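Report on one structure; see the data block that follows.
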Amino acid sequence: MENNKEKVIINLKKARSLLKKQIEMIEEDEYCIDIMQQNLAVMGMLKSSHEKLMKNHLNTCFRHAMETDNEEKKKEMIEEILKVMRFLNK
């Protein structure tokens, strides 16, 4: 995850910076469309971070759980993935 970790951190820091800018834009009554474009940029960065985190989870924690003989652990891991996907789709 180390390489991915750095990419996720960079994305989240960029998103934080854009959110700060967005707040300032709203406070300064800037044009709505410009604010919404910033909002879409933040959403894109958060989505990208989410995808990187999910990929890492599937390739590490999830894979290890699926390789065990512990059926309860497998079921638990599948339910966790489904739960995250439900949140993503809301």
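Computed from the coordinates by the stated procedures, all read-outs in this text should not be read as laboratory data. Here the structure is a predicted model, which means the values were calculated and not measured. Ideal geometry is used to build each Cβ from the backbone, glycine not excepted, and the neighbour counts take in all protein chains shown.
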Worksheet entry | Residue list for the stretch 25-49, filter: of a type in the set (D, E, K, R) and either in a loop (DSSP other than H, G, I, E, B) or within 19 Å of K13 (Cα to Cα) (or both) | E28, D29, E30, K47
Item to complete: Inspect the stretch 56-72 for any residue being without any contact (Cβ under 8 Å) to a residue 24 or more places away in the chain, out of contact with any Cys (no Cβ under 6 Å at 6 or more places or on another chain), outside any helix (DSSP H, G or I) and polar (S, T, N, Q) and give the result as yes or no.
Response: yes
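When you check K52 against the structure, is it in contact (Cβ under 8 Å) with a residue 40 or more places away in the chain, touching a helix residue (DSSP H, G or I) at 6+ places or on another chain (Cβ under 7 Å) and either among the charged types (D, E, K, R) or not in a helix (DSSP H, G or I) (or both), yes or no?
For K52, the condition - in contact (Cβ under 8 Å) with a residue 40 or more places away in the chain, touching a helix residue (DSSP H, G or I) at 6+ places or on another chain (Cβ under 7 Å) and either among the charged types (D, E, K, R) or not in a helix (DSSP H, G or I) (or both) - is met.
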Worksheet item: Within the stretch 45-90, can you find the residues that are loosely packed, with under 13 Cβ neighbours inside 10 Å and either of a type in the set (S, T, Y) or on the phi > 0 side of the Ramachandran plot (or both)?
Response: T60, T68
